[in-house]
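Undergrad: Please find one structure pasted underneath; my questions will follow.
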Amino acid sequence: MKAITGNRLSDGAVVYLRDDDQWATQRGEAARFDDDDVAPVLRAAQLRVREITDAYIIDITADGAPSGRAIIRETIRGAGPTVRGDLGLQAECCA
Amino acid sequence: MYRYDEFDATLVGERVAQFRGQVERRLSGALSEEQFKPLRLMNGLYLQLHAYMLRVAVPYGTLSSRQMRKLAYVARKYDKGYGHFTTRQNIQYNWPALVDVPDILDDLAEVEMHAIQTSGNCIRNVTSDQYAGAAADEVEDPRIWCEVIRQWSTFHPEFTYLPRKFKIAVTASQNDRAAIRLHDIGLRIHKNDAGETGFEVIVGGGLGRTPYIGHTIREFLPKKHLLSYLEAVLRVYNLEGRRDNLYKARIKILVNAGGVEKFTDLVEAEWTAIRKSEIDLPTEEIERIRAYFTPPDFEDLPAESAVLEQKRKGEAAFARWLRVNTVAHKTPGYAIVNISLKPVGGIPGDISDVQMEAVADLAAQYSQDEIRATHEQNLVLPHVKKDDLYVVWQALTVQDLATPNIRLVSDIIACPGLDYCTLANTRSIPIAQRISERFSDLEQQEDIGELKIKISGCINACGHHHVGHIGILGVDKKGEEFYQITLGGSGAEDASLGEIVGRGLSSGDAVGAVEKLVHYYRNNRQDNERFIDTYRRLGADPFKEALYAAA
């Protein structure tokens, strides 16, 4: 399956497109799309230039976890640097 | 040290105001990302994996305590309480918000700092020997010429859109601490047979996916002609360098594709045509700049310090730090202090706001207010009285800045890798951390001696893996991190490119591989051979065998 991600324009934070068309920082909240349906959603997202930048499609499993070739990159992007557990989303979840 | 004149202050002020407007227009949607990206890059602002990244220039690695305090302030106020010193003597912040960047740049401008020439296809911030002005082995202070280059290259209208980025490094020592043979242009100040000082001009070095050692295109360039000669090199490159292929756009490709002789001929022809114009600085202007670098008022001290000798005998840990982290100063009674940003298990080059302030305090009190950043991601207090070394060591120890490992196996260069970088294929930092933990025994490290490990998380080679005595390159294979080992590289005066020794290893095996290589070296070294010397004497085969032999 696919999801849409990008970086929030104002601060660069990693965000994911939700079902309600808002941006979430939790990958778990990302809307999941079938492979064939995602392209027009990305094109629409890319038009939202005042909200985000560098939007693109990622592979995810049915559970919402990253998959495919970019699995390490997307895992780190979603959580924060593996060498600084106190930074990024991984720090917020367990605070 | 360098100081702003009224031109610099005006330039930087105007640039920040411009960028503030550009950020506002980007946020309002008046500028698209496509339009905005080149503008933000011209101001050192990248977009990385988790956030924006701001790269701040530290011209030729020289900082005052006031500037270091401001860097700490920026880290605390706008970022997450730390900064990262890079292999180009710059500092990066990993978490600035776009909306804050104009304010950050205004704050930096208060202490004559900025992010100009830290990105884009321009002449980048010039780098130098971190011991400049202090080293016992230098011909003269190379920073005078770095400053000449800085003033010439900043916003140079002809060279703002080069085919690709362009990096210049300058040293004035036979012992190359600035990696001059790996730069687009490397300059080495030396004396000719007549006793005059001038530049050896080296062109076309570089790392990345196509690494080259630079070629000397002029053995001796009289100093007064520096700028006209640099201008000739840049003009040839600007005209002839490839713009059709990003991977073939650096000057190293131009120099090596057509041959160094042809390139040299083009430069000499261009130089002949322009050398009589008014590009070269008048003597009085050079002298004005030289005055910026008037050596501090060193005290007249005995060469040896009785206080120091007493402490050295009494404390083994201090004695070790002295042996490993301090270097001879040109002035009797003084020493150069290296501050390690590589604690065991730490992130190479990272420094907290509190540590920055501690370094600033030490510089103000004990090092003539001077700090240097090194291309090996450490810091330096260049002018410390031997009488003060013990106190400085104690203060550094409290801040975890006194790990005695300079040039040793745990003094590792590592790029940010996939923990931060959007270009990376694999992580680099965890490998550096595991290696430094594996070799945490200080006595063992000192016994192993000089061993330069350099780690890159992709082929762009920001971690200089090609020139590591042991180089480690991360490669992604179908979503798994593997690490390719290279051996025999050097970024110093004996520059050489490492050789790939075999198949990639898992991250765990890569750390073990370093251990095997070190073990083989220790069993086979002769006399005072360094790792690299033994490797060069014996060749790659026995090391490969040691690495891949079944356990």
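Undergrad: So, B:R235, is that one surrounded by fewer than 20 Cβ atoms within 10 Å (Cβ to Cβ), out of contact with any Phe, Trp or Tyr (no Cβ under 6 Å at 6 or more places or on another chain), among the basic types (K, R) and in a strand (DSSP E or B) or not?
TA: no
Undergrad: Okay, moving on. Only residues that are more than 14 Å from B:L389 (Cα to Cα), surrounded by 16 or more Cβ atoms within 10 Å (Cβ to Cβ) and hydroxyl-bearing (S, T, Y): list them for segment B:292-334, please.
TA: B:T331
Undergrad: Continuing with this model, one more query. Can you find, within segment B:40-60, the residue that is surrounded by the most Cβ atoms within 10 Å (Cβ to Cβ) among those that are within 14 Å of chain A (Cβ to nearest Cβ) and of a type in the set (F, W, Y)?
TA: Among them, the one singled out is B:Y52.
Undergrad: Which ones in segment B:285-299 are without any contact (Cβ under 8 Å) to a residue 24 or more places away in the chain and of a type outside the set (V, I, T)? Write out each step before concluding.
TA: Filtering segment B:285-299 down to residues without any contact (Cβ under 8 Å) to a residue 24 or more places away in the chain leaves B:285, B:287-288, B:291, B:294, B:297.
Scanning segment B:285-299 gives B:E285, B:E287, B:R288, B:A291, B:D297.
Undergrad: Right, something else. Would you confirm, using the coordinates I've provided, whether A:I57 is crowded, with 16+ Cβ neighbours inside 10 Å, more than 13 Å from chain B (Cβ to nearest Cβ), under 17 Å from B:L49 (Cα atoms) and not small (G, A, S)? Break it down into steps so the answer makes sense when it comes.
TA: On the way: crowded, with 16+ Cβ neighbours inside 10 Å: yes; more than 13 Å from chain B (Cβ to nearest Cβ): yes; under 17 Å from B:L49 (Cα atoms): yes; not small (G, A, S): yes.
It is true that A:I57 is crowded, with 16+ Cβ neighbours inside 10 Å, more than 13 Å from chain B (Cβ to nearest Cβ), under 17 Å from B:L49 (Cα atoms) and not small (G, A, S).
Undergrad: I'm trying to understand the selection: among the residues of segment B:419-454, which are away from every other protein chain (no Cβ under 13 Å) and hydrophobic (A, V, I, L, M, F, W, C)?
TA: Matches in segment B:419-454: B:I435, B:F439, B:L442, B:I448, B:L451, B:I453.
Undergrad: Taking B:L230 as meeting all but one of (1) surrounded by fewer than 19 Cβ atoms within 10 Å (Cβ to Cβ); (2) in contact (Cβ under 8 Å) with a residue 60 or more places away in the chain, write down the number of the exception.
TA: Single failed check for B:L230: (1).
Undergrad: When only residues in segment B:495-512 that are among the hydrophobic types (A, V, I, L, M, F, W, C) and under 22 Å from B:H215 (Cβ atoms) count, which is farthest from the chain's Cα centre (by Cα)?
TA: Per the stated criteria, the residue is B:L497.
Undergrad: If B:G259 satisfies all but one of (1) at negative phi; (2) not polar (S, T, N, Q); (3) not assigned by TED's automatic domain parsing to the domain that holds B:L362, what's the number of the condition it fails?
TA: Here B:G259 clears every test but (1).
Undergrad: Would you confirm, using the coordinates I've provided, whether B:K37 is more than 14 Å from chain A (Cβ to nearest Cβ) and modelled with pLDDT of 95 or more?
TA: Answer is no for this residue.
Undergrad: Testing B:A492 on (1) within 15 Å of B:I413 (Cα to Cα); (2) in contact (Cβ under 8 Å) with a residue 40 or more places away in the chain; (3) over 18 Å from the mean Cα position of the chain (by Cα), one condition comes back false. Which one is that?
TA: Every listed condition holds for B:A492 apart from (3).
Undergrad: Next up: Kindly establish whether B:I500 is without any contact (Cβ under 8 Å) to a residue 40 or more places away in the chain and among the hydrophobic types (A, V, I, L, M, F, W, C).
TA: Yes.
Undergrad: Limited to segment A:62-73, what total is found for residues that are more than 10 Å from the chain's Cα centre (by Cα) and within 13 Å of chain B (Cβ to nearest Cβ)?
TA: 8
Undergrad: Continuing with this model, one more query. Would a scan of segment A:74-84 turn up a residue that is part of a loop (DSSP other than H, G, I, E, B), touching a Pro at 6+ places or on another chain (Cβ under 8 Å), at the interface with another protein chain (Cβ under 10 Å from one of its Cβ atoms) and surrounded by 14 or more Cβ atoms within 10 Å (Cβ to Cβ)?
TA: yes
Undergrad: Tell me the strands (runs of 3 or more DSSP E) entirely within segment B:61-172 that contain at least 1 residues that are within 14 Å of chain A (Cβ to nearest Cβ).
TA: Values: elements: B:62-64, B:82-85, B:91-93, B:168-171.
Those strands (runs of 3 or more DSSP E) span B:82-85, B:91-93.
Undergrad: Taking A:Q90 as the residue in question, decide whether it is within 11 Å of chain B (Cβ to nearest Cβ), among the polar types (S, T, N, Q) and within 25 Å of B:E481 (Cβ to Cβ). Can you show your working first?
TA: Values: within 11 Å of chain B (Cβ to nearest Cβ): yes; among the polar types (S, T, N, Q): yes; within 25 Å of B:E481 (Cβ to Cβ): yes.
Here the answer is yes, as A:Q90 does meet what is asked.
Undergrad: Out of segment B:1-52, which residues are of a type in the set (V, I, T) and either more than 25 Å from the chain's Cα centre (by Cα) or in a loop (DSSP other than H, G, I, E, B) (or both)?
TA: So in segment B:1-52, the residues of a type in the set (V, I, T) come out as B:10, B:12, B:16, B:23.
If the condition is that a residue be of a type in the set (V, I, T) and either more than 25 Å from the chain's Cα centre (by Cα) or in a loop (DSSP other than H, G, I, E, B) (or both), then B:T10, B:V16, B:V23 are the ones that fit.
Undergrad: Continuing with the same structure: Any idea which of B:F531, B:F482 is within 19 Å of B:A179 (Cβ to Cβ), in the same structural domain as B:N425 (by TED's automatic domain parsing) and among the hydrophobic types (A, V, I, L, M, F, W, C)?
TA: Answer to the check: B:F531.
Yes/no matrix, rows are residues, columns are (1) surrounded by fewer than 24 Cβ atoms within 10 Å (Cβ to Cβ); (2) more than 18 Å from B:M68 (Cβ to Cβ); (3) under 18 Å from the mean Cα position of the chain (by Cα):
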site: B:H84; (1), (2), (3): yes, no, yes
site: B:D100; (1), (2), (3): yes, yes, no
site: B:A109; (1), (2), (3): yes, no, no
site: B:E112; (1), (2), (3): yes, no, no
site: B:I123; (1), (2), (3): no, yes, yes
site: B:Q130; (1), (2), (3): no, no, yes
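Undergrad: Looking only at segment A:1-43, count every residue that is farther than 17 Å from A:P66 by Cα and outside any strand (DSSP E or B) and tell me the total.
TA: Here is the first cut: in segment A:1-43, the ones farther than 17 Å from A:P66 by Cα are A:8-13, A:19-23, A:36-37, A:39-43.
When the remaining residues are screened for being outside any strand (DSSP E or B), the result is A:9-13, A:19-22, A:36-37, A:39-43.
Matching residues across segment A:1-43 total 16.
Undergrad: Specify which of the listed residues (B:L221, B:L187) is without any contact (Cβ under 8 Å) to a residue 24 or more places away in the chain and at negative phi.
TA: B:L221
Undergrad: Separate question: If B:G502 meets every condition in (1) part of a loop (DSSP other than H, G, I, E, B); (2) farther than 22 Å from B:S456 by Cβ apart from one, which number is that one?
TA: (2)
Undergrad: Could you say which residue among B:V380, B:V337 is closer than 18 Å to B:V58 by Cα and buried (at least 22 other Cβ atoms within 10 Å of the Cβ)?
TA: The match here is B:V380.
Undergrad: Could you grab me the full set of residues in segment B:12-34 that are of a type in the set (K, R) and facing chain A (nearest Cβ under 10 Å)?
TA: B:R26 - this is the single residue of segment B:12-34 that is of a type in the set (K, R) and facing chain A (nearest Cβ under 10 Å).
Undergrad: Something else now. Out of (1) out of contact with any strand residue (DSSP E or B) (no Cβ under 9 Å at 6 or more places or on another chain); (2) exposed (fewer than 15 other Cβ atoms within 10 Å of the Cβ); (3) not in a helix (DSSP H, G or I), the odd one out for A:G68 is which?
TA: (1)
Undergrad: Considering segment A:17-26 alone, what residues qualify as being free of Cβ contacts under 8 Å to residues at least 40 places away in the same chain and surrounded by 14 or more Cβ atoms within 10 Å (Cβ to Cβ)?
TA: Across segment A:17-26, the qualifying residues are A:L17, A:R18, A:W23, A:A24.
Undergrad: Can you work out which of the residues in segment B:513-535 that are part of a helix (DSSP H, G or I) and surrounded by fewer than 16 Cβ atoms within 10 Å (Cβ to Cβ) is nearest to the chain's Cα centre (by Cα)? Steps first, answer last, please.
TA: Our first condition is that a residue be part of a helix (DSSP H, G or I); within segment B:513-535, this holds for B:513-524, B:531-535.
Restricting the remaining residues to those that are surrounded by fewer than 16 Cβ atoms within 10 Å (Cβ to Cβ) gives B:515, B:519, B:522-524.
Working: B:E515: 27, B:H519: 29, B:R522: 29, B:N523: 33, B:N524: 32 Å.
By that ranking, first place goes to B:E515.
The values are calculated or read from the model by the stated rules, or taken from the named source; none is laboratory data. None of these values were measured; they are calculated from a predicted model. So basically every Cβ, Gly included, is an ideal-geometry build from the backbone, and we count neighbours across all protein chains shown.
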